[in-house]
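Notes follow the structure.
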Amino acid sequence: MGSRTIGKLVSIRNGQIIAEISSDLGEYVNTLDGINFVGEVGSYVTIHDFDRDVIAEISGINEELKNGYQEYEKPNSVEQITLDLLGEIHDGSFTFGVTRLPRLFMEINLISTQELDTILSVNNAEPPIETNSNETYINALSIGKSTIFDNYQVKINLNNFFGYHFAVFGNTGAGKSNTIANIIQKIFSKTNRSASGAHIIMLDSNGEYDKAFNKIPVINPEIRYRNIKIGNSDDLPKVFQIPVWALSVDDWAILLNASEKTQIPVIRRAIQIVKAFNSDNNEIINKLKNHIIASTIIGIATNSDSSPSSSDKMKSLITRYCTDELNPETIIQLEKPVEIAKNDKRSRLTLMQAVSTYFGQLVVVDKLVQLCLD
């Protein structure tokens, strides 16, 4: 019997598995991983087989009288535990469910730290960047100590953790902010492969995170940190704005209560357009911008709105969104002069002049549309 062995299976029937705790054990045993309580409900045990390790959870515990005894006292009874099979470890990998039931009288063992790491897929917490390299990167993070497994540091797989939503709950002063700060400090602590491509935006209403993060660029120069404050003083912005695309389409749909078939496609398209207008000014993006601006001008100029209303919309458009080709100063060459004011005829107009009204009318709609089509 090994140092982790605490008993054996005595009953396997109707899906219920019962093990008997060895009578010579106390309430806990000392192992290389620390002190482990014997038979604690909610803890895990391992059943070693020749080609696998079966993992089970202790779901219940009771005392059974030995033959001939009628009083429940420790010398007269045996301690039995009920086991729920969770899965099995095979070739260093854990899978839920078991391929076959364990056999009667097989030994049950306290689970080890290594086996817990395998179950949680955090075996290699800090692997080397390259073979024989002393530099490591973070594959798994320690987020606290287990209340069931003594001295076991609960770890999370970094990629899996940040691939899903998560929340930290606790009473005031329990350490929620400290936990979040500690996680972020750790993932940016490595100077190589330090959360490559990660962008984190924190809305810090209490101003408690700056002290935790402002030293990160000193430790790791690859990381950029910026603290943006808003307030009433002259040196602080009054309004804090974040890019539209900082939220996903799903986020905007929830905020705006958008309908799936009609409004969400418009939101998705709008986010794509805004991204394009704020991207680097390369040739492809510039053509897309010109196409969108021109299409919008044509749509406004040819709709049924009044000329002053259409003019205001187009002025706002070319003022806020413009390119080298389509901007307020773009020159439009006319085939013949047009009168834009009393005794003022011109054969050349800027785009801003072309979308303005004269005598309550847009006077060069056809030329404006032709410019946009070209």
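The values are calculated or read from the model by the stated rules, or taken from the named source; none is laboratory data. What you see is a predicted model, and the numbers here were worked out from it, not measured in a lab. No Cβ is skipped: glycine too gets one built from the backbone with ideal geometry, and neighbour counts run over all protein chains shown. Quick note on the areas: whole protein, heavy atoms, side chains included, nothing else; ligands and nucleic acids left out. Shrake-Rupley method; radii C 1.70, N 1.55, O 1.52, S 1.80 Å.
Brief remarks on what is shown
- Residue match in the stretch 175-196 (condition: basic (K, R) and at pLDDT 85 or above): yes
- F188 falls short on exactly one of the conditions (1) within 23 Å of A246 (Cα to Cα); (2) open to solvent by 40 Å² or more (accessible area, probe 1.4 Å), and that condition is (2).
- Pair list, Cβ under 7 Å, 6 or more apart: the stretch 162-186 residue of a type in the set (G, A, S), other residue modelled with pLDDT under 85 and not in a helix (DSSP H, G or I): S177/E208
- Top-ranked residue in the stretch 1-31 [being touching a residue at least 12 places away in the same chain (Cβ under 8 Å) and outside any strand (DSSP E or B); ranked as most open to solvent (accessible area, probe 1.4 Å)]: M1
- If you go through the stretch 104-124 and keep only what is part of a helix (DSSP H, G or I) and open to solvent by 30 Å² or more (accessible area, probe 1.4 Å), you end up with T113, Q114, I119.
- Matching residues in the stretch 358-374 - criterion: being open to solvent by 60 Å² or more (accessible area, probe 1.4 Å) and in contact (Cβ under 8 Å) with a residue 12 or more places away in the chain: Q361, K367, L373
- Among the residues of the stretch 343-350, none qualifies, meaning not one is acidic (D, E), open to solvent by less than 80 Å² (accessible area, probe 1.4 Å) and touching a helix residue (DSSP H, G or I) at 6+ places or on another chain (Cβ under 9 Å).
- V266 passes every criterion in (1) part of a helix (DSSP H, G or I); (2) surrounded by 12 or more Cβ atoms within 10 Å (Cβ to Cβ) apart from (2).
- Verdict on P127 being open to solvent by less than 30 Å² (accessible area, probe 1.4 Å), touching a residue at least 12 places away in the same chain (Cβ under 8 Å), farther than 30 Å from M202 by Cβ and not aliphatic (A, V, I, L, M): no
- Tabulated pairs, the stretch 327-345, first closer than 19 Å to V369 by Cα, second surrounded by fewer than 14 Cβ atoms within 10 Å (Cβ to Cβ) and among the hydroxyl-bearing types (S, T, Y), C-beta under 9 angstrom, 6+ apart or interchain: N327/T319; P328/T319; Q333/S347; L334/S347; E335/S347; K336/S347; P337/S347; V338/S347
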